[in-house]
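The values are calculated or read from the model by the stated rules, or taken from the named source; none is laboratory data. Treat the numbers as computed from the prediction; the structure is a model and nothing was measured. Every residue, glycine among them, receives a Cβ derived from its backbone with ideal geometry; neighbour counts consider all protein chains shown. Ligands, DNA and RNA are excluded from the accessible area calculation, which covers all protein heavy atoms including side chains. Shrake-Rupley method; radii C 1.70, N 1.55, O 1.52, S 1.80 Å.
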Amino acid sequence: LRSVRNGEVQTQKLQVAAEPLLQLADLTRFLTKVTPCVDEAYLQFCHRIIGHRIRDLHSEKEYEVKSFEIYTLGLPIPIHTVMATDGEATESWVLANRAYHILGDLAATNVAQLELKVAFNIIQALSGDYMASLEQLQERLDGAEAAKISEATLAAALASALQMAEANRQEVLDFLAAEKARCAAASGPATGDATSDGATEAALDPNMRVHTVMIAVSDEIPFELFWPMVKDDIVAAVRELCPRGSPGMEEAVQQGVLQNGMGPIAKKLTLQEAENLATRVGHVVQTGVSVDPEALQEAQKEKANSQQNESIQLSCRVQFNRENSWVPGTVVGQLGDMLSLVDDEGVLFDKLPRARVRLPPGKRDSLGSAGGSPIQAVLSQA
């Protein structure tokens, strides 16, 4: 793995498990997701593009680049936040993984504190613990004796920040405080569709077999009169859409109707299976889909036991659940039981519950990099 640092080409050994006939473009995209960037020219570009519009060559949609940062919760990779010009939703991209055209000229763009921002970007990219490096810089600014740093580029970036502090100490102190606040905020609760409560998210996982289809029966109609009128349609639908069947259905429905007016016709279904069955029999009887608490608890235990045998670490190639489908991605961050991933299009999915992430079926073995971080096969394993 070759990288440019201060104009000098440096080499770092990295072992990547790859399948035969891997295209170089796929390998490049993978390395872009897992390799910190310390190229000053590219980092300057990352800041200059903020506020400009780009056209995504895949979707032909236009986006405005809203912000840029080095990712905090794992691999220190460059992340841009973009917003579609025809909407208000934002996405986080590894911009180097996207094909796009810049609408406008960046040459005349002036960025305040550009040199300082790039210096801090390099410090974060090369620090094993960014907060510790910020504290070390704070101590130096306060006059403490500097500890020796073996990494030349990191030492140069720290020295650059200290040199800028000689000219404008308060500016550097304010930026240092802002970086500490940003790191603290990144470690806070998850936002968006990823909740901080793993159990809650697991209950909503559409692929867990915890869903039950219920039918409602009016207490004004005797069950003995109602059931024969709908039985054939319901049984036929269950047999067609639920290959495992539903033994004891009539007794379960009758017992449920006596208790609360609703009885189950099929249990332990995925959400899609449950909705299909409810729709199929909806023309003959009122239906509803609910989550079975007992089935949920059982599924959560099985999931926990399975996850104990699965080690998912940074840089691993995995699959994650997106819109009821398992799609490939690369793990770039971790906070507690939550994982952050970048998909094959370069989109960051931040703080996903562990229940939404799995190792690709049949691909349970991982190899380690020279630094000890396991890296899964690069090719799509969907």
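Observations on the model:
- The listed residue being modelled with pLDDT of 90 or more and surrounded by 14 or more Cβ atoms within 10 Å (Cβ to Cβ), out of 250, 275: 275
- Per the listing 268, 231, the residue uniquely under 39 Å from the mean Cα position of the chain (by Cα) and either at pLDDT 90 or above or open to solvent by 70 Å² or more (accessible area, probe 1.4 Å) (or both) is 268.
- Matching residues, region 17-38, being open to solvent by 50 Å² or more (accessible area, probe 1.4 Å), out of contact with any helix residue (DSSP H, G or I) (no Cβ under 9 Å at 6 or more places or on another chain) and among the charged types (D, E, K, R): 19
So that you can scan it fast, the table gives a plain yes or no per residue for (1) part of a strand (DSSP E or B); (2) of a type in the set (Lys, Arg); (3) modelled with pLDDT of 95 or more:
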site: 10; (1), (2), (3): yes, no, no
site: 13; (1), (2), (3): no, yes, no
site: 16; (1), (2), (3): no, no, no
site: 21; (1), (2), (3): no, no, no
site: 33; (1), (2), (3): no, yes, no
site: 37; (1), (2), (3): no, no, no
site: 79; (1), (2), (3): yes, no, yes
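- Only one entry of 80, 58 meets the criterion of being over 23 Å from residue 170 (Cβ atoms) and touching a Leu at 6+ places or on another chain (Cβ under 6 Å), and that entry is 80.
- Against the test of being among the aliphatic types (A, V, I, L, M) and at pLDDT below 85, the options 137, 173, 158 yield a single qualifying residue, 158.
- Among the residues of region 351-368, the ones that are open to solvent by 20 Å² or more (accessible area, probe 1.4 Å), in contact with a helix residue (DSSP H, G or I) (Cβ under 9 Å, 6 or more places away or on another chain) and either in a strand (DSSP E or B) or at pLDDT below 55 (or both) come to 1 in all.
- Breaking point among (1) surrounded by 13 or more Cβ atoms within 10 Å (Cβ to Cβ); (2) assigned to a loop (DSSP other than H, G, I, E, B); (3) among the polar types (S, T, N, Q); (4) more than 36 Å from the chain's Cα centre (by Cα), for residue 207: (4)
- From the options 311, 315, residue that is exposed (fewer than 14 other Cβ atoms within 10 Å of the Cβ), closer than 30 Å to residue 340 by Cβ, within 26 Å of the chain's Cα centre (by Cα) and not charged (D, E, K, R): 311
- Of everything in region 58-77 that is part of a strand (DSSP E or B) and over 17 Å from the mean Cα position of the chain (by Cα), the residue that is surrounded by the most Cβ atoms within 10 Å (Cβ to Cβ) is 63.
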